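Peer 1: Handing you a structure now.
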Amino acid sequence: MAGPLGLVALIAAATAAGTGDDGSPLRHLYLLPALWAALAGGAAGGALVGLLSALVQAPVIFPLIERAGLSRPAVDALVSLVIPLAMGLTVGRLVDQSRGRGDQLRALLEIQRSLAGDTDLGGRLAEVAVLTRRALGVDRVGLVLDAGDGGRLTASAPDVFQLEDGPSSVSATPCRRLVLALDAGEGPVGTLAIERDGDLGAATRGAAQALALHLALAVEIARLTERQRRFADELEDKVARATRRLRELDQAKSEFLSVVSHELRTPLTALQGFSELLLAREVPVERARRYLGHVHAESQRLGRIVADLLDLSRIESGRGLSLRPVQLDLREALEGNVDIFACQYPLHRFDLSVAASLPPVCADRDGLDRMLKNLLSNAVKYSPRGGRVLVEARPAADRPGMVEVAVEDDGVGIPAEALPRIFDPYVRIAHPETATAPGLGLGLSLVRVLAHAHGGLVEVESLPGKGSRFRVLLPS
């Protein structure tokens, strides 16, 4: 303010030293320090310098009016007295309004930056309340936002501001409260409440209304950003899981190709070796019969491998399996398969329990036989030290109209994290005791496909080190 005051003093000195009685041409220069002060200090500065200019001119102008009345020089002098005060006050108010709008815009930018942060929206709301209070120049600010789940988020500045029970009781001074809905056009998202000790001017009310609109837009943008961030995190998690799953499948297929090569080579080597022995030299009849038995067994094994591969190809192409369901005696099918496995695996004890009231099942003969063989084979492979294999068949107590077939072993069991994957193609559960067990990892997958194709389902219960129980449900 020293600059405008110094300029007033300079003009006063020049006017006093000027020619003529009134020095009116120089008096008009008092407008310059008034404008300077208004631009620098707002309405207060402009009014102060304008009033000082009038006081400096008054000792010269009022005597002139007394001598000459309202003559032209007197009116000109009176105008030069009033103009600096009026212009300083008017321009100062415009400057104050412009600065106020600038402060509000800066505060709004800070609010938007705060709402766009990475922390939870509820945690950012307190900072927004402080910024809003500073921008509007009020004593107390309260914010209430709809949390979207039936709850709400609240914040106030200062913290003791009462949001609901009328004007705040913190101050004994009478105060005014203004409550505005935060609505950006899509419905209210919350409420803004402001209080000031004394009166709320029209300018403050207008600024509060504008700020409420911008605040509603900022809240909507913050919520959209938060939803987008959550969606991006969920998408990233899904992509990561899908990528891991693809890697697992790719590894499983690589292992599958290796296992297929081994599984095909084993029966082919046996077929080639025994056939060359029979062709290369004369062998006794009993030995030839034994060689032919081996050839027959290995050719059957090779046929099962090819059938599993064909079924897998048919399933993956979406063609499904061709079934011819008929009424079958489940007891007969179970006894036949248990007898076969009991002869082939003497280390295991096979127990069969069939309910007396067991009804026939509606199933494809070959499909049923393959389900039973795959379940029994799985029980034998994953209990390499022998043990009991229990096979049960009875009407399903929890599924009327269904028959339950269960195969239970005392083997190595299956880890809980691997249970969701055991019915997927190519999957073989890694375990030190079963690492060399034969198989393509297709048996349980085919059991599930065949059970579903019959209108049934398959379930599993397992504990590592205790064994597993597979339960197949088929329509009767």
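The values are calculated or read from the model by the stated rules, or taken from the named source; none is laboratory data. Model, not experiment: these values are computed from the prediction. Neighbour counts are summed over all protein chains in view; Cβ atoms, including those assigned to glycine, are modelled from backbone coordinates with ideal geometry. Side chains are part of the model used for accessible areas, which takes the heavy atoms of the whole protein and leaves out ligands, DNA and RNA. Shrake-Rupley method; radii C 1.70, N 1.55, O 1.52, S 1.80 Å.
Peer 1: Scan the range 408-424 and tell me whether some residue there is over 17 Å from residue 335 (Cβ atoms) and in contact with an Asp or Glu (Cβ under 7 Å, 6 or more places away or on another chain). Walk me through how you get there before you give the answer.
Peer 2: Residues of the range 408-424 over 17 Å from residue 335 (Cβ atoms): 408-424.
Right, trim to in contact with an Asp or Glu (Cβ under 7 Å, 6 or more places away or on another chain) and you get 412.
Looking for residues that are over 17 Å from residue 335 (Cβ atoms) and in contact with an Asp or Glu (Cβ under 7 Å, 6 or more places away or on another chain), one finds at least one in the range 408-424, hence yes.
Peer 1: Looking at (1) among the hydrophobic types (A, V, I, L, M, F, W, C); (2) in contact with a helix residue (DSSP H, G or I) (Cβ under 9 Å, 6 or more places away or on another chain); (3) in contact (Cβ under 8 Å) with a residue 40 or more places away in the chain; (4) farther than 30 Å from residue 111 by Cα, which is the one condition that is false for residue 292?
Peer 2: In the conditions (1) among the hydrophobic types (A, V, I, L, M, F, W, C); (2) in contact with a helix residue (DSSP H, G or I) (Cβ under 9 Å, 6 or more places away or on another chain); (3) in contact (Cβ under 8 Å) with a residue 40 or more places away in the chain; (4) farther than 30 Å from residue 111 by Cα, residue 292 misses (3) alone.
Peer 1: While we're looking at this one, here's another question. Looking at 128, 141, which one is surrounded by 21 or more Cβ atoms within 10 Å (Cβ to Cβ), modelled with pLDDT of 80 or more and touching a Lys or Arg at 6+ places or on another chain (Cβ under 8 Å)?
Peer 2: Values: 128 fails: touching a Lys or Arg at 6+ places or on another chain (Cβ under 8 Å).
When all the criteria are applied, what remains is 141.
Peer 1: Going by what's in this entry, would residue 323 be described as open to solvent by less than 90 Å² (accessible area, probe 1.4 Å), modelled with pLDDT of 75 or more and either aromatic (Phe, Trp, Tyr) or more than 17 Å from residue 371 (Cβ to Cβ) (or both)? Working first, answer last.
Peer 2: On the way: open to solvent by less than 90 Å² (accessible area, probe 1.4 Å): yes; modelled with pLDDT of 75 or more: yes; either aromatic (Phe, Trp, Tyr) or more than 17 Å from residue 371 (Cβ to Cβ) (or both): no.
No; evaluated as a whole, the condition is false for this residue.
Peer 1: Of the residues 428, 448, which is part of a helix (DSSP H, G or I), under 22 Å from residue 305 (Cβ atoms), open to solvent by 20 Å² or more (accessible area, probe 1.4 Å) and not aliphatic (A, V, I, L, M)? Let's see the steps before the verdict.
Peer 2: Details: 428 fails: part of a helix (DSSP H, G or I).
Selected residue: 448, the only one of 428, 448 that is part of a helix (DSSP H, G or I), under 22 Å from residue 305 (Cβ atoms), open to solvent by 20 Å² or more (accessible area, probe 1.4 Å) and not aliphatic (A, V, I, L, M).
Peer 1: Across the range 451-476, what is the total count of residues that are assigned to a strand (DSSP E or B), open to solvent by 50 Å² or more (accessible area, probe 1.4 Å) and without any contact (Cβ under 8 Å) to a residue 24 or more places away in the chain? I'd like the intermediate steps shown before the answer.
Peer 2: Initially, the range 451-476 is screened for residues assigned to a strand (DSSP E or B), giving 457-463, 467-475.
Keeping just the survivors that are open to solvent by 50 Å² or more (accessible area, probe 1.4 Å) gives 459, 461, 463.
Subset that is without any contact (Cβ under 8 Å) to a residue 24 or more places away in the chain: 459, 461.
Number satisfying all stated conditions: 2.
Peer 1: Another one. Give just the number: which of (1) crowded, with 18+ Cβ neighbours inside 10 Å; (2) β-branched (Val, Ile, Thr); (3) in contact (Cβ under 8 Å) with a residue 40 or more places away in the chain does residue 354 not satisfy?
Peer 2: (1)
Peer 1: So for the range 368-375 (the condition being in contact (Cβ under 8 Å) with a residue 60 or more places away in the chain and in contact with a Gly (Cβ under 6 Å, 6 or more places away or on another chain)), does at least one residue qualify?
Peer 2: yes
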